Amino acid sequence: MDFGLILLTIGVSFILAVISAPLLIPLLRRMKFGQQIRGEGPQSHQKKAGTPTMGGIVIILAFTLAFLKFSVINTDFYVLLVATLGFGLVGFLDDYIKIVFKRSLGLTPKQKMFGQLLFAGIVCALLISEGHSTAIGIPGTQISFDWGAWFYYPFIIVMMLAISNAVNFTDGVDGLLSGVSAIALGAYAVIAMQATSLPAAVCAAAMIGAVLGFLVFNAHPAKVFMGDTGSLGIGGAIAAIAIVTKSELLFLVIGGIFVIEMLSVVLQVASFKTRGKRIFKMSPIHHHFELSGWSEWRVVVTFWAVGLLLAGIGLYLNKGL
């Protein structure tokens, strides 16, 4: 596979994001598409109220143009495109309703779930038409199991919903998700090249360039937030790449930061409902560290470092697949 093509894709997507963001941010500000800050969150976040959100449009736009330009068109191409744009659309509707209709929760949980299930179902239909393997490999080993389509496709649907929401939970500190996702996508780009899946490699590269370009404006202090438009779109892309490259379970390692963030929310809710006590000062866990006295920058750099370590471990384990 042409490594130069992957670098070119990253570069083009990055430039598109860097060019489009300064054009979109003033527009979002004029339209008063500002972020609403949770009152129970860290007090340092209150000054961020009104910062333009829905900046994920920049990520999705840069990604789409680069992906369409450099990818080959086959079933995997459509799987990756549907997952990214479909989940990004659900996020866009959620952001739009929050801001325009002043509904703090945006889409209802049922509406959001329906949208995610719809696009996950389309992805499954495309995979079935392609004759996609239903075997699942155990990272770091030569072992795999195949319990047939009746198990694999429900598993894929749950996986897509879990990953997209886990990625969504990670968004909440300036630059955190942009950096962590770029690291995870970098690992998946390598895996895609090893698997000789050009659409998956180009998809990862296009998203890397888009999130790094967005990071220029999202690093602390953030000039724009990505909103659910960006986070759900990124989550859809990561999930689809893991599926296409047959590295489904490897996400638990490469996407370890996302897994930890989601688990912190699940454990917090479960503990409060069953015991009436909280495990963390606030969930997702990055807020716990903030409330423990960590600066935003310390949280971000630490999570980036852990993400980089997990990505390296994931690539090492992939050799055994």
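The values are calculated or read from the model by the stated rules, or taken from the named source; none is laboratory data. Not measured: the values here are computed from a predicted model. FYI the Cβ positions are ideal-geometry reconstructions off the backbone, even for glycines, and counts take in every protein chain you see. We work out accessible area using only protein heavy atoms, side chains counted, and drop any ligands, DNA or RNA first. Shrake-Rupley method; radii C 1.70, N 1.55, O 1.52, S 1.80 Å.
Please work out the FRET efficiency for the pair Thr196 and Lys281, using the Cβ-Cβ distance as r and a Förster radius of 35 Å; give the result to the nearest 0.05. The partial results should precede the final answer.
Details: r = 46 Å, r/R0 = 1.32.
Using R0 = 35 Å, I get an efficiency of 0.15.
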Legend entry - Rounded if a/c under 1.5, otherwise prolate or oblate - region 242-321, Cα gyration tensor axes: oblate
Inset, instruction - Sort the following peptides by mean Cβ neighbour count (other Cβ atoms within 10 Å, averaged over residues), highest first: 156-169, 263-276. - result: 156-169, 263-276
Legend entry - Cα centroid separation, region 179-229 to region 61-125 (Å): 16 Å
Legend entry - Carbon plus sulfur fraction of accessible area for the chain, probe 1.4 Å, in percent: 70 percent
Legend entry - Under the Karplus curve 6.51 cos²θ - 1.76 cosθ + 1.60, θ = phi - 60°, whole-Hz ³J(HN,Hα) for region 2-7, x wherever Gly or Pro sits: 6, 5, x, 5, 5, 5
Legend entry - Probe 1.4 Å, accessible area per residue of the chain, Å²: 43 Å²
Legend entry - Estimated dipole of the chain in Debye, rounded to 20 [Cβ of Lys and Arg +1, of Asp and Glu -1, Cα centre]: 1160 debye
Inset, instruction - For helix 227-244, report the angle its Cα long axis makes with the longest principal axis of the Cα atoms of the chain; keep it between 0 and 90° and round to the nearest 10°. - result: 20 degrees
Inset, instruction - DSSP loop (so not H, G, I, E, B), at most 11 other Cβ within 10 Å: list which trypsin sites (Lys or Arg not before Pro) in region 101-139 pass both filters. - result: Lys102
Legend entry - Relative contact order (%) - region 175-321, alpha-carbon pairs under 8 angstrom, separation at least six: 31 percent
Legend entry - Cα-based Rg / Dmax (Å) for region 193-291: 16.7, 50
Legend entry - Tilt relative to the chain, helix 176-194 - C-alpha long axis, 0 to 90 degrees, to 10: 10 degrees
Legend entry - Estimated vicinal HN-Hα couplings, Hz - region 201-208 in sequence order (Karplus 6.51, -1.76, 1.60; Gly, Pro = x): 5, 5, 4, 4, 5, 4, 6, 4
Inset, instruction - Working from Cα positions, state the angle (0 to 90°, nearest 10) between the long axis of helix 296-318 and the longest principal axis of the chain. - result: 10 degrees
Legend entry - Contour excess over end-to-end distance, with Cα ends at Leu23 and Ala125 and 0.36 nm allotted per residue: 33.0 nm
Legend entry - Largest-first principal axis extents of the Cα set of the chain (Å): 49, 49, 35
Inset, instruction - Take peptides 181-194, 64-77, 202-215 and line them up by average Cβ neighbours within 10 Å, highest first, as a rough protection proxy. - result: 202-215, 181-194, 64-77
Inset, instruction - Please identify, among Thr53, Thr229, Thr108, the residue showing maximal mean-square fluctuation in a Gaussian network model of the chain using a 10 angstrom Cα cutoff. - result: Thr108
Inset, instruction - Go ahead and estimate [θ] at 222 nm for the chain from helices alone: -39,500 (n - 2.57) per DSSP H run with n ≥ 4, summed, over the residue count, rounded to 500. - result: -24000 deg cm²/dmol
